[in-house]
Structure formats: C-alpha cells, structure tokens
Amino acid sequence: MNGLLSFWLLAAGLLQAPPAATRLDVEGGVGGVRFGEPATQIVGFARRFTGVGRRWRTTRLYSRPADTTQWHGVGPPTAYWFRQNRFIGVDIALTSAAAVQQTLQQLSALYGPARPDTLPNHWYWLGQRSYLLLELNGKKNGVLFVASLAMLNEQVYETAVRARARRQGWQPDSLGLPRQFLVR
C-alpha cells in the first residue's frame, strides 16, 4: 500500500523523484546478479579469461553462454567481473561510434547529464554505491561499464570518476594492482 501511495504522490508532483545517483544505485546489479554476490552462488557462468600478473590473482572474468541480458536496451555483457570472488560489474561492447552516442543520450535521459572523465571521450555517472562509465575507443567502437564502486579498483589510471568517488568516501583496496597512474 505504501508503494502505491508513493507512486500517486510522485505522479501528482507532491514528491520529487530521487536524484539520478539514487536511481542508479537502486538497480544494484545486472542480469539478475546483485553487486557483491559471491561467484559460488551463481550458475550458468563460464570462465572467460585468465590473465597474468597481480591483478588476476584477485579478479576473474566470466561470460554466460547464449546471454541475452539487456541493460536499458544495451547488451549483452561481454564479461561479468568478479573481484575477491564477489560480483563487481559488467562491460558491454558497443560496436560503433553511433552506438556510443545513442547510449550516451539514452543514459543522460535516465540519469542526468554525464560528467566527462579525465580521458577524452569517456563519460560517467556516479552513485553512492555504483557507477556507469562509457568509453569511445578511437572512432570505431566503445564500452559501457555498469559496476559497483569496487570496480574502480580495476582502473589502471587515476581518473575523474575515481577522484570524485573518493571524495564521497570510497577507498581503493590494495589487492594487487600497482599504484594508479595519474592522467591529466
């Protein structure tokens, strides 16, 4: 009953919609997998990548065979990322610059204007517990990351989204990645 009352008050304009960052955090996962969920509780995943080096001691990438997951019309995820055996996010390949621009417009309509990241042609939306990072790689394709703040530990460069998340209280862990490089 309370949800119905909130809906009617919101529809009547008596309550304000939650800020974009709050709406982003409400989703809390992708494809039915919640951020922070242990990999051992998830079925249907295939190990996708095994890397070499310190990062890959704590991070594992998985895929779902025949995955049809869509995230606001974008998908399916290329990889599901797990750090310390916990789900931290996905990356979704975008096959053209037009797809990146369309995704940028769509996400801006849902979550408000994107903030430009430190690197050129990178945009982000930041919540209290999750974030989106959209990248245009060259002029041909891009990647969308839908992730919990734990995924920020996977970034090699110190970026604007990491710096802003740090101001909100997020702290990087020290699980094997080298110190991040500063990008100006």
Exercise for the section: Please compute the net charge surrounding Val143, taking Lys and Arg as +1 and Asp and Glu as -1 over other residues with Cβ under 9 Å from its Cβ. Expected result: -2
Exercise for the section: Could you tell me which of rounded, prolate or oblate describes segment 22-168, using a ≥ b ≥ c as the square roots of the eigenvalues of the alpha-carbon gyration tensor, with rounded for a/c under 1.5 and, failing that, prolate when a/b is larger than b/c and oblate otherwise? Expected result: rounded
Completion exercise
Ordering 128-134, 103-109, 167-173 by per-residue average of other C-beta atoms within 10 angstrom, highest first, gives 128-134, 103-109, 167-173
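Quick note: the coordinates plus some simple rules give every number you see, no bench work behind them. Given the structure is predicted, the values throughout are model-derived calculations rather than measurements. With ideal geometry, Cβ positions are generated from the backbone for all residues, glycine too; neighbour counts draw on all protein chains shown.
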